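What follows is a single structure, written as structure tokens, with notes after it.
Throughout, read-outs are computed from the coordinates displayed, never taken from laboratory work. Fair warning: this is a prediction, and the values are worked out from it, not measured in the lab. Glycine gets a Cβ as well: all are built from the backbone with ideal geometry, and neighbour counts include every protein chain shown.
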Amino acid sequence: MRMMFYRPTLPMPRFARLALASVAMAALVPAGAAAQTTSAAAQAQAAAQPPADPARLVAARPVVEKLWPLGTYRRMMDGVINGMMEQVMNQMFEMRAGDFAKAAGASGATADAAGDKTLGELATEADPHFRERTTIATDVMMKEMIPLVEKLEPGIREALAMVYARKFSAQQLADMNSFFATPSGTAFAGEFMMTFVNPELMGQMQSFVPELMAAMPAITAKVEAATAHLPPPAKPGGANSFSDPATPE
């Protein structure tokens, strides 16, 4: 499997925008952990689920309302995830460009051609205002995404209620509601989703990135071996991709 990467000669602001978009989508993962995807396969799988018991569904909705009150997405994304994204971006641009290319499965020659400079250094050389531009772009992107993802909340809450109605009995749901009515339960429910974007938790998750990047060449090799029986994909080529020196673009 060949992943696309960008040459150091590519204008780095464009690289930054593409990377920023990827990080922005990744930032939505903890916020949408309970959300169903809208693919045809996911919709078919959801349709195949047995219908939830109406009484249990009625009992599940108050539970979801307490765990995921309307406005949760805004609360999670407004500042918390924005700061997390900046940390992820900074970590990514501290990576050596050659290591970044190697992690994608590029050949040794291609990785060496990327040089010893970090992605951030290459970006700053191409655009002295790169850091400021990236920070502004991150802030604008998150502010624009908040009203978009807020539209998902009603559907997500109803889907989550359906899940709870299937997984828990009416008595269990009633017990949850009783607990959430207590001061301790109210405090727990109000902070439940916010724990997924807690800086301490996110920092621990981010510590996985270096290990993942180090393991990526071996993972890529295994993927290539597992898909060796398939016809190779068409080579995109073009000036924007890393390619092995022996491979015509």
Label model pair Gln206, Asp116: point-to-point distance (7 angstrom along the Cα→beta-carbon line) in nm is 2.7 nm
Where in segment 160-177 is the amide nitrogen less than 19 Å from a point lying 7 Å along the Cα-to-Cβ axis of Ala55? 162-177
Determine, from the Cβ-Cβ distance of Lys235 and Asn198 and an R0 of 45 Å, the FRET efficiency 1/(1 + (r/R0)^6), rounded to the nearest 0.05. 0.55
Between Ala226 and Ala174, what FRET efficiency comes out of the Förster formula 1/(1 + (r/R0)^6) with R0 = 30 Å and r the beta carbon distance, rounded to 0.05? 0.05
Largest-first principal axis extents of the Cα set of segment 197-239 (Å): 45, 27, 17
